[in-house]
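Chemist: Submitted below is the structure of interest, expressed as structure tokens.
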Amino acid sequence: MADITIYQKPTCTTCKEVYQALKEAGVDFDAVDYFTDPIPKAKLKELIQKIGLPVEELIRKKDQLFGDLRLGEKKLTEGQWLDLLAIYPDLLQRPIVEKGEKAIVARPARKIREFLIVAETVAPETPKAVNPSA
């Protein structure tokens, strides 16, 4: 399994740009088409926590479906939003790129370059050896 995962819709222009940028950067990554392989609700919640934004910030409010469902008129809980995202993946901002304990919505696509640099510098700490004779 790769260190980086991109959750995308392969026909999305921004997703294509981010996918290409990851390839050009030479990083090992997994690509998940969340329209054919839906993101489980627990994973969605984890990604939202890693992004550090409320779930409402990850909703595509300009999407026609958002208007059709009259979501702008409703006050939904995080759980209700997650349920909707599981049913209607088009409502989720994309692409989402995850590396370790961090994730971003790579929109615009140029955000991926900065994310890759930051993700490289924020490597998890390795445990220090304990000297039992000290």
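Chemist: How far, in degrees from 0 to 90, does helix 41-51 lean away from the longest principal axis of the Cα atoms of the chain, to the nearest 10?
Modeler: 70
Chemist: Answer with one residue from 115, 39, 92: the one whose Cα lies farthest towards the positive end of the charge dipole of the chain, charges on Cβ with Lys, Arg +1 and Asp, Glu -1.
Modeler: Projecting each Cα onto the dipole axis, the largest value belongs to 92.
Chemist: While we're on this one: What residue among 75, 41, 111 shows peak mean-square fluctuation when the chain is described by a Gaussian network model with Cα springs under 10 Å?
Modeler: In this elastic network of the chain, the residue with the biggest mean-square fluctuation among 75, 41, 111 is 75.
Chemist: Also, I was wondering about something else. Sum up the charges of everything whose Cβ sits under 15 Å from the Cβ of residue 68, counting Lys and Arg as +1 and Asp and Glu as -1, but leave residue 68 out.
Modeler: It works out to a net charge of +2.
Chemist: Rounding to the nearest 10 and keeping the result within 0 to 90°, find how far the Cα-based axis of helix 111-121 lies from the longest principal axis of the chain.
Modeler: The helix 111-121 is inclined about 30 degrees to the chain.
Chemist: How large is the dipole of the chain about the Cα centre if only Lys and Arg carry +1 and Asp and Glu carry -1, each at its Cβ, rounded to the nearest 20 debye?
Modeler: Here the size comes out at about 340 debye.
Chemist: A further question on this structure: How far apart, in nm, are the 7 Å Cα→Cβ label points at residue 114 and residue 86?
Modeler: Here the modelled spin labels are 3.4 nm apart.
Chemist: What's the angle, to the nearest 10 degrees (0 to 90), between helix 13-25's Cα axis and the longest principal axis of the chain?
Modeler: Tilt relative to the chain: about 10 degrees.
Chemist: Measuring from centroid to centroid over Cα atoms, what is the spacing of the stretch 21-46 and the stretch 47-67 in Å?
Modeler: 16
Chemist: On to the next question. Among the listed pairs 62/102; 23/50; 23/99; 41/111, which are separated by more than 21 Å between their Cα atoms?
Modeler: 62/102; 23/50; 41/111
Only the coordinates and a few stated rules stand behind these numbers; no lab work does. For clarity, every value in this text was computed on a predicted model and none was experimentally measured. No Cβ is skipped: glycine too gets one built from the backbone with ideal geometry, and neighbour counts run over all protein chains shown.
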